[in-house]
Amino acid sequence: MANVFVPLNRFQSVVTNLTGEEDEIYVTPTGVSSIVLSAQITNNSLQTQPVTILVTSNRELPIPSFEGVYSGSSFISSSVGGFVTLDNFSGSFDSASALLTLNRQFIRKEVAAYTSFQNNLSETPFVFTSSRFENYALDLTDAISYDINNNKNIRTDKAAKAYFTKNGVNIIKTTYPEEYSSSLDAIDYFNYLSQQIIKNQSVTGSQFVSRLYQNVVTQSFTSFTPTTLQFSSSAWAINALTNVVLNTIENANLVAQNPIQLVTNVTIPSADSLSPVVSGKLVLEEGYGFIVSGSTDLTVILSLLESANE
């Protein structure tokens, strides 16, 4: 049930004049969802007046930071002394992406098996769900293999945000707190595996991977062997993008979500009204705000049905 007492259903009306600024006419109370039954803006002046209506969630959402990783259309890599572009190192990013894609099922199973093994060694093990960690690994593999091949950050950005709800709440910290550190370790292990895979060498040849934790899927290899320079640029990019995801989870940069413009500079004739909301077609969740911007000659009448969240 809701944390505060509200009637199961309650009609609410708001009548106010605008101030000439962006006026937050209504904010949905805690424990409530509101249905906008009608919104009427009346022009009390003798001339046409524009009006803008915005809806804001009043939520802070995580914004992954790619500062020092990606600039314009290029990765930034100190390991090769400046900008790394696909034109300069096409063999590097192409082959690294192909090897990650070729081994996506291997990474998926190995990361989950590693996490399960480490959990069993813990003094306070949690109830392990293999599919959850398999999906973490698979999503990260697909995101980074796509971004390094296309010189973008769009899918890594999405992968980092996937650890948060639409309201900006860290899922693994709140829903699975006992799995939080294991989730971070799983991402680190993904990075260790990837660094060796893109060399086209066995992962057990790495100083960070002494053994495999599953034998369901074996590592795949190709006939292509990258040069040291090609490997270093890909390795740097993968490590940098992996750290973006880790940093977002551990220390998210939360930024207020931009308001959504429902109506933009729509004009209302003199002594006339505008009713931009079809009855029942706009729902404001807890904390959502209804903002109207316009002349002081405009009056707003808002009719709502508030319902308690359960």
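Tabulated data for the structure shown
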{"read-out": "Members of region 194-213 found to be assigned to a helix (DSSP H, G or I), under 20 Å from Ile144 (Cα atoms) and not hydrophobic (A, V, I, L, M, F, W, C), listed by number", "value": "Ser194, Gln195, Gln196"}
{"read-out": "Members of region 250-285 found to be closer than 30 Å to Tyr192 by Cβ and either touching a strand residue (DSSP E or B) at 6+ places or on another chain (Cβ under 7 Å) or not assigned by TED's automatic domain parsing to the domain that holds Lys161 (or both), listed by number", "value": "Ala252, Asn253, Leu254"}
{"read-out": "Boolean, Thr48 is modelled with pLDDT of 90 or more, outside the structural domain of Val244 (by TED's automatic domain parsing) and of a type in the set (Val, Ile, Thr)", "value": "yes"}
{"read-out": "Subset of region 147-167 (residues that are buried (at least 17 other Cβ atoms within 10 Å of the Cβ) and either more than 16 Å from the chain's Cα centre (by Cα) or at pLDDT below 95 (or both))", "value": "Asp147, Ile148, Asn149, Asn151, Asn153"}
{"read-out": "Any hit, region 250-265, residues being over 30 Å from Asp188 (Cβ atoms), small (Gly, Ala, Ser) and over 33 Å from the mean Cα position of the chain (by Cα)", "value": "no"}
{"read-out": "Filtered residue count, region 1-21, keeping only those that are surrounded by 13 or more Cβ atoms within 10 Å (Cβ to Cβ) and either outside the structural domain of Gly287 (by TED's automatic domain parsing) or modelled with pLDDT under 95 (or both)", "value": "4"}
{"read-out": "Some residue of region 153-175 being touching a residue at least 24 places away in the same chain (Cβ under 8 Å), in contact with a Phe, Trp or Tyr (Cβ under 9 Å, 6 or more places away or on another chain), farther than 30 Å from Ser57 by Cβ and in a helix (DSSP H, G or I)", "value": "no"}
{"read-out": "Residue count, region 136-152 (criterion: in a helix (DSSP H, G or I), polar (S, T, N, Q) and over 24 Å from Tyr176 (Cα atoms))", "value": "3"}
{"read-out": "Of the criteria (1) surrounded by fewer than 19 Cβ atoms within 10 Å (Cβ to Cβ); (2) under 28 Å from Tyr176 (Cα atoms); (3) not β-branched (Val, Ile, Thr), which one Pro269 fails", "value": "(2)"}
{"read-out": "Subset of region 29-42 that is in contact with a Gly (Cβ under 9 Å, 6 or more places away or on another chain) and part of a strand (DSSP E or B) - its residue that is nearest to Leu8 (Cα to Cα)", "value": "Ile35"}
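The values are calculated or read from the model by the stated rules, or taken from the named source; none is laboratory data. Here the structure is a predicted model, which is why all the values come from computation and not from measurement. A quick note on method: Cβ atoms are made from the backbone with ideal geometry, for glycine too, and the neighbour counts reach across all protein chains shown.
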